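The values are calculated or read from the model by the stated rules, or taken from the named source; none is laboratory data. A quick note: this is a predicted structure, and the numbers were derived from the prediction, not measured. Backbone-built Cβ (ideal geometry, glycine too); neighbour counts: all protein chains shown.
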Amino acid sequence: MTPLSILDLVPVSAGSTAAEAVRNTLDLAQRAEALGYRRYWFAEHHLNPGVAGVDPAVVIALTAAATERIRVGSAGVQLAHRTPLNTVEEFGLLDAAYPGRIDLGIGRSGPQLLKEHARRQPKTASSTTDSGLLIPASPALRTQPPAFSLFGELLQQPGAQSPDYGTQIEQILALLDGTFTSTEGVPVQPVPGTGARPELWILGASSGQSAAVAGKNGLRFAASYHIAPTTALDAVAAYRAAFQPSEFLDRPYVSVSADVVVAPTEAEARELAAGYALWVLGIRRGRGAQPFPSPAEVAGHEWTEEDRALVADRIDTQFVGTAAQVAERLRQLQRSAEADELVVTTITHAHADRVRSQELLAAEWF
């Protein structure tokens with residue numbers, strides 16, 4: 001059986017608060033543990049009113065304290081405005097408090113992504129894999145969210161530059177195994193940190209640097225089909241091509257994510273998922289992730305053909321339906337990526353509907 005895990009953005013619904021979002025996350029994590037999900041991961045996003053998961057280390061600590069067995073981790077820590085030492089100390093502390101349960105997933109962010117985005121060639125036509133998985137055409141337009149333009153001003157110290165991502169990963173590995181030396185040749189072994197054993201993952205959405213770094217260092221790789229369905233399988237292929245055995249792995253190890261909504265009937269699932277298109281539209285229009293819209297907001301929105309085209313890749317690749325229908329689409333994803341694990345993320349306006357979605361899927365999957 002392919003293990004199934006959960007990615008949580010700590011979403012804030014329209015009319016709700018960040019405090020309620022945090023309480024909902026802790027409730028869902030406890031239920032996920034009881035249901036048999038393997039991991040509970042948190043993303044890092046900034047300046048998005050609809051996402052409260054701004055600091056993975058903090059929500060990991062809260063969630064690990066509220067649960068007993070489930071692995072808890074980041075998907076992922078954004079390295080562009082962090083130092084390797086800061087990251088190793090934080091996750092070394094988490095590993096000391098909850099040994100054997102912490103995952104350190106690391107992703108690029110901000111300036112580390114912009115050049116690659118500019119070079120990427122759009123796919124002009126959709127296709128399907130042999131397993132039936134949809135690979136959509138590239139979206140018509142991508143507008144950078146405010147966090148990109150404010151990155152240097154608010155997330156970094158004045159004058160700071162984002163280091164090379166591959167160099168940062170090498171430094172993190174050296175700090176963890178005790179082989180790091182400063183530019184002046186001084187050994188550096190942070191406590192906590194050196195000797196810690198969080199499970200390491202690299203996150204990627206395309207066949208760029210993340211996939212190459214993960215493969216070169218023999219680390220686990222998490223591909224984001226739920227964010228970049230057009231290029232996620234390209235990322236997996238690039239990772240496998242670059243893979244070199246390491247102390248961590250003797251063969252490639254892949255996880256792939258999907259956005260899902262499950263309900264007792266397909267009609268109800270589609271009704272619950274209706275707000276997703278409007279939520280993605282806000283992101284694509286440069287407003288960032290807004291509070292997840294209510295059914296009334298969804299019903300009152302007037303769509304243009306341009307707006308529909310802007311979100312089509314994400315809507316067409318959201319897995320929505322009964323538990324059996326969604327499980328089959330997840331199997332298509334697993335077969336297409338030859339994935340060792342799958343991760344699902346679900347956002348609905350009402351917390352109870354998100355809980356039920358994960359319960360129904362677990363009953364079908366496990």
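Here the condition is being in contact with a strand residue (DSSP E or B) (Cβ under 6 Å, 6 or more places away or on another chain) and of a type in the set (Gly, Ala, Ser); of 15, 53, it holds for 53 alone. Taking region 255-278 as the range and being surrounded by fewer than 21 Cβ atoms within 10 Å (Cβ to Cβ) and in contact (Cβ under 8 Å) with a residue 40 or more places away in the chain as the test, the residues that pass are 264, 265, 266, 270. Pairs are defined by a Cβ separation below 9 Å, a sequence spacing of at least 6 or placement on different chains, a first member in region 62-79 that is touching a residue at least 60 places away in the same chain (Cβ under 8 Å) and in a loop (DSSP other than H, G, I, E, B), and a second member that is surrounded by 21 or more Cβ atoms within 10 Å (Cβ to Cβ) and β-branched (Val, Ile, Thr); the pairs so defined are 75/343; 76/106; 76/202.
Scanning region 1-35 for residues that are buried (at least 22 other Cβ atoms within 10 Å of the Cβ), of a type in the set (S, T, N, Q) and in contact (Cβ under 8 Å) with a residue 60 or more places away in the chain, we see that the one that is farthest from residue 255 (Cα to Cα) is 24.
The set of residues from region 64-108 being within 29 Å of residue 158 (Cα to Cα), hydroxyl-bearing (Ser, Thr, Tyr) and either surrounded by fewer than 20 Cβ atoms within 10 Å (Cβ to Cβ) or in contact with a Lys or Arg (Cβ under 7 Å, 6 or more places away or on another chain) (or both) comprises just one member, 83.
One residue stands out in region 191-223 among those that are in a helix (DSSP H, G or I) and in contact (Cβ under 8 Å) with a residue 60 or more places away in the chain: the one that is farthest from the chain's Cα centre (by Cα), namely 209.
Mind checking which residues of region 1-59 are of a type in the set (Val, Ile, Thr) and farther than 24 Å from residue 156 by Cβ? Reasoning before the result, please.
Just the residues of region 1-59 that are of a type in the set (Val, Ile, Thr), to begin with: 2, 6, 10, 12, 17, 22, 25, 51, 54, 58-59.
The answer is 2, 6, 12, 17, 22, 25.
When the criteria are applied in full, residue 214 meets the requirement of being of a type in the set (A, V, I, L, M), at pLDDT 95 or above, touching a strand residue (DSSP E or B) at 6+ places or on another chain (Cβ under 6 Å) and closer than 26 Å to residue 99 by Cβ.
At least 2 residues being among the charged types (D, E, K, R) and under 13 Å from residue 353 (Cα atoms) is the threshold, and among the helices (runs of 4 or more DSSP H) wholly inside region 259-332 those reaching it are 266-284. Restricting attention to region 346-366 and to residues that are polar (S, T, N, Q) and assigned to a loop (DSSP other than H, G, I, E, B), the residue that is farthest from the chain's Cα centre (by Cα) turns out to be 348. Close contacts from region 319-343, counting a first residue that is under 17 Å from residue 234 (Cβ atoms) and a second that is buried (at least 23 other Cβ atoms within 10 Å of the Cβ) and of a type in the set (S, T, N, Q), with Cβ to Cβ under 8 Å and a gap of 6+ residues or different chains, come to 339/255. Right, residue 333: surrounded by fewer than 22 Cβ atoms within 10 Å (Cβ to Cβ) and modelled with pLDDT of 95 or more or not? In short, no.
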